[in-house]
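J.: Below: one structure in structure tokens.
Derivation of every value follows stated rules applied to the coordinates shown; laboratory data play no part. Only a predicted model underlies this, so the values are computations on that prediction, with no experimental measurement involved. Because the Cβ atoms are built from the backbone with ideal geometry, glycine has one as well, and the counts that use them run over all protein chains shown.
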Amino acid sequence: MPKSESKKKEIIRWMINCDNPTPLAFYRFVKPNHHNRADEKYRNALNSAKECNPKNREIQKKLTEMRKKFDEGEFRQDWEIWIQEKRATQVHRSIQETNENVHKKFNSLVESQSVIVKQVEEKDKERNEKRSQIDNGSDDVAVAVELAKKKSKTDELFEDMRKRNIYMLCDPFRKLSQIDAEDRFESIVRGTFVDIELPIDIKEYLRCLLSGDIESALSEVEKPLKKGVQPLMLWTREVCRHFLFYFYYDGLQIDSDEKTWSNQTVYRILDLFSMFFRNLTSGIAFGEIVNDAHKDRVYNINANQKPSNSRRGDKNDAVLYQDGNATIIYEQSFGPTEFDSTHYMGDITKLARNGVDDLNYHFLQYSKSTVTTAKKLKSIGIHGYKYFISIYLTDLIRMKTYRIYEIFKCKIPTSYTDRWLLANIVMIGVYLELLLTTRRSVKEDMGMEDTIIDHGFYHVRDWMVIPDNTPENKRTK
């Protein structure tokens with residue numbers, strides 16, 4: 001039997017017999033070097049194990065649940081954990097090999113000095129034990145310090161947001177908001193669930209496009225569409241074409257920096273959206289966009305927060321405009337392989353601050369609009385981190401109190417094996433079309449209410465005063 005066939009059967013036996021065949025357990029068993037190949041091998045092993053035991057309900061259930069969790073991204077941390085374990089093992093092995101070589105040479109030169117050699121060996125043994133403890137992650141003090149730092153930063157950012165009257169309803173701040181709000185939390189989170197499904201024609205198009213191999217998909221995507229198709233269908237085809245070419249030519253730079261990764265993913269997604277939804281958007285800009293350079297960012301009116309001297313915190317990775325106003329703000333937290341939790345949390349709070357600025361700007365423009373209508377206005381934020389994209393909304397809860405919450409999250413596919421994840425990428429367009437259409441409608445309602453004075457309702461100006469922090473040299477006389 002060929003060695004490869006023997007190894008394949010060994011993997012299948014492991015998959016069947018393992019009580020909890022998670023990707024991390026699989027990585028530890030096969031010791032892979034490449035992420036995409038390892039994930040593909042894991043999927044194939046799951047499928048093969050299921051085929052070998054079609055009548056065993058217990059095994060079928062176990063493997064089906066594991067595949068579902070894997071596809072939904074529940075094990076997204078497993079590869080990083082495996083890489084850390086692998087590096088720790090390599091370092092430990094290197095230390096041991098180095099020590100062995102040193103001992104051999106040392107003993108050959110000072111064979112007669114047995115006492116000295118013994119002392120050196122004892123010291124080396126003690127040193128190796130300490131290193132091994134660190135490699136195995138049992139340095140409780142270091143771990144405790146690291147966790148304390150992370151917790152301290154999370155608490156610090158949360159406290160800053162609460163001082164600005166912003167409730168953070170997204171991870172990793174949601175639990176803190178629940179504790180802070182106590183019995184008011186249920187009312188604060190009400191209305192934060194947005195559920196949308198892919199249109200039937202888009203589902204059918206994706207099914208036809210992605211059912212075969214990548215060559216057939218590339219051929220299918222080049223076929224002309226019928227005349228008069230909706231912008232969402234055009235956008236869907238071009239987004240799929242973009243990723244299919246990357247998959248086919250192995251061009252997606254997973255180890256790239258933040259700018260390159262954004263160019264390959266979210267920048268392109270938003271650029272195509274701006275192209276096909278020109279009835280909803282009025283432009284787009286990429287790369288370190290300063291907020292106060294645009295119409296609705298001149299005030300920097302986030303509660304009593306005055307503009308920073310450096311302006312660095314006010315820059316965004318991309319801005320999409322509607323009617324000349326910055327409407328969708330995008331932030332990318334580094335590239336996928338250089339993820340930093342502090343940067344990640346900081347970007348969420350930046351999206352929250354900018355979202356409040358956006359709302360307050362429109363409240364100033366339509367100060368006579370009713371509170372009921374004002375609460376319907378949503379500020380949209382997009383956040384990229386690791387291999388994921390999240391859509392956040394920021395809106396008004398009550399007088400000068402805001403909230404930010406996640407309504408959608410998806411994983412960016414990095415190979416044709418993950419091609420069905422393109423359906424989730426397409427969902428971004430579905431969400432943005434709905435959100436921008438609704439936002440424009442709400443702004444029109446606010447504008448109509450702003451032209452009349454109705455004393456039967458509370459208006460924004462009656463219960464909310466927003467300080468104008470516009471720099472003196474920019475104020476209109």
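J.: Rounded to whole Hz and in sequence order, give me ³J(HN,Hα) for the range 163-175 from the Karplus expression 6.51 cos²θ - 1.76 cosθ + 1.60, θ = phi - 60°, writing x for Gly and Pro.
T.: Using θ = phi - 60°, the values come out as 5, 8, 6, 10, 8, 8, 9, 10, 5, x, 9, 4, 4 Hz.
J.: Distance in nm between label sites at Glu5 and Met275, each 7 Å beyond Cα in the beta-carbon direction?
T.: Inter-label distance under the simple model: 4.9 nm.
J.: Can you pull the one-decimal nm distance between simple spin-label points at Asp201 and Asp180, each 7 Å off the Cα toward Cβ?
T.: 4.5
J.: List the residues whose amide H sits under 5 Å from the amide H of Gly283, counting only those 5 or more places along or on another chain, with H placed 1.01 Å from N in the peptide plane.
T.: Tyr321
J.: Suppose R0 equals 25 Å; then what is the FRET efficiency for Glu159 and Glu80 from their Cβ-Cβ distance, rounded to the nearest 0.05?
T.: 0.30
J.: Right, something else. May I ask you to evaluate 6.51 cos²θ - 1.76 cosθ + 1.60, the Karplus curve with θ = phi - 60°, for each residue of the range 187-193 and list the ³J(HN,Hα) values in order in whole Hz, giving x for glycine and proline?
T.: These are the phi-based 3J(HN,Hα) values: 6, 5, 8, 4, x, 9, 9 Hz.
J.: On to the next question. What FRET efficiency comes out for Trp420 versus Thr337 if R0 is 30 angstrom and r is the Cβ-Cβ distance? Round to the nearest 0.05.
T.: Efficiency for this residue pair is about 0.80.
J.: Now for a separate question. Compute the whole-percent fraction of alpha carbon pairs in the range 3-76 spaced more than 21 Å apart.
T.: 18
J.: Another question, if that's okay. Greater than 23 Å separation of Cα atoms is the criterion. Which listed pairs, Lys163/Lys409; Lys7/Lys50; Lys68/Lys259; Lys86/Lys153; Lys55/Lys411, meet it?
T.: Table pairs above 23 Å Cα-Cα are Lys163/Lys409; Lys68/Lys259; Lys86/Lys153; Lys55/Lys411.
J.: Follow-up question, since we're still on this one. Within 10 Å of each residue's Cβ, count the other Cβ atoms and sort His343, His383, His34, His242 from fewest upward.
T.: Arranged by neighbour count, lowest to highest, His343, His383, His34, His242 become His34, His343, His242, His383.
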